[in-house]
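The values are calculated or read from the model by the stated rules, or taken from the named source; none is laboratory data. No experiment lies behind these values; they were computed from the predicted model shown. Ideal geometry is used to build each Cβ from the backbone, glycine not excepted, and the neighbour counts take in all protein chains shown. Protein only, heavy atoms only, side chains kept; ligands, DNA and RNA dropped before computing areas. Shrake-Rupley method; radii C 1.70, N 1.55, O 1.52, S 1.80 Å.
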Amino acid sequence: MRTTTRRSRSFYPLAVFFGLFVAFLYGPMSTIIILSFQGPDGGLTFPMNGMSLHWFRNLFETQAVGDFGGAFQRSLVLGLIVMVVTVAVSFTAGLAFRHRFRGASVVFYLAVASLIVPSILISLGIGLMFNILGWQPAWYSSGLGAHLSWTLPFGLLIMFAVFNRFDRAYEEAARDLGATPWQTIRHVVLPILAPSLVGVGLFGFTLSYDEFARSLMTAGSFNTLPLEIYGMTTNVTTPVLYALGTVTTVFSFAVIAVAIIAVQVIRHRRARRGSDAGQAI
């Protein structure tokens, strides 16, 4: 006999709150996506004037104002560089902090201090420092440093939490079997932590790709994509701006999907290797 349980009284207020949150989060996004499919005579508000892909084609043509292609390329390259550096530094720092050393607490708090300082002040400080030193700010130098000051603390916090739960018995077993320290890291530690490293990489890329405040004073003469979008909001008065928002939203979801697929593939391969090893035994 099937039994049913009554929902608690708190379920309904929480469900209403969650529904409002989803509407607040995805309502404006849905509006932008819908308006981006307007016809050639469409405007920035409802009602829509036809349906077409006109503004998406117009987006990739030469614009009188803005450089979407160049800004997207710069943000993509910068995000990938930040992702690689964040993963590498976070992983090695996680390994280092497993061993107590003098000044570890000071180093840790200095590393995460930039999370407390307002992002615009970080951007302003780095921009002023480059000007004082006579260096030209650019997205690949000062912009890279500003973004790393945002992504590295998050990467460090994630890896510290992961290493705190890591069972070091796996490493001891590898060493007992004659593995060198590098072989232990390569064949034991890295495969186990691979899903977490993918998460750190995704976190680093998305934080850099969407960052505005820390790019404002450090990007130099060429805008990143968030800066270009902000500039277009003050000059572009056609649905091409909505088409840009739709393209960047789809790209962001695509990056998340790729990361999820990568994690699933890693877990599947790990389970398959474990199954093969069990059959061999």
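Taking segment 169-210 as the region of interest, how many residues are aliphatic (A, V, I, L, M), over 16 Å from Gly155 (Cα atoms) and assigned to a helix (DSSP H, G or I)?
Result for segment 169-210: 7.
Only one of these is over 19 Å from Ile122 (Cα atoms), of a type in the set (Phe, Trp, Tyr) and assigned to a helix (DSSP H, G or I): Phe160, Phe154. Name it.
None of the others qualify; the one that does is Phe160.
For segment 162-172, how many residues are within 27 Å of the chain's Cα centre (by Cα) and open to solvent by less than 40 Å² (accessible area, probe 1.4 Å)?
3
Being under 25 Å from the mean Cα position of the chain (by Cα), aromatic (Phe, Trp, Tyr) and part of a helix (DSSP H, G or I) is the requirement here; does Tyr26 meet it?
yes
Looking only at segment 92-110, which residues are assigned to a loop (DSSP other than H, G, I, E, B) and over 21 Å from Ser196 (Cβ atoms)?
Arg100, Phe101, Arg102, Gly103
Which one is farthest from the chain's Cα centre (by Cα) among residues in segment 32-43 that are open to solvent by 60 Å² or more (accessible area, probe 1.4 Å) and under 19 Å from Gly245 (Cβ atoms)?
Pro40
Out of all the residues in segment 236-256, is one or more open to solvent by 50 Å² or more (accessible area, probe 1.4 Å), modelled with pLDDT under 85 and more than 19 Å from the chain's Cα centre (by Cα)?
Looking through segment 236-256, at least one residue is open to solvent by 50 Å² or more (accessible area, probe 1.4 Å), modelled with pLDDT under 85 and more than 19 Å from the chain's Cα centre (by Cα).
Kindly list, by first and then second residue, each pair from a residue in segment 173-187 that is surrounded by 12 or more Cβ atoms within 10 Å (Cβ to Cβ) to a residue that is acidic (Asp, Glu) and assigned to a helix (DSSP H, G or I), limited to pairs with Cβ atoms under 6 Å and residues at least 6 apart or on different chains.
Thr184/Glu171
One residue is enough: does segment 222-232 have a residue meeting the conditions open to solvent by 20 Å² or more (accessible area, probe 1.4 Å), more than 23 Å from Arg57 (Cβ to Cβ) and outside any helix (DSSP H, G or I)?
Yes, segment 222-232 contains a residue that is open to solvent by 20 Å² or more (accessible area, probe 1.4 Å), more than 23 Å from Arg57 (Cβ to Cβ) and outside any helix (DSSP H, G or I).
Write out, first by first residue and then by second, each pair whose Cβ atoms fall under 6 Å of each other, whose residues are 6+ apart or on separate chains, and whose first residue, in segment 2-31, is open to solvent by less than 100 Å² (accessible area, probe 1.4 Å) while the second is at pLDDT 85 or above and in a helix (DSSP H, G or I).
none
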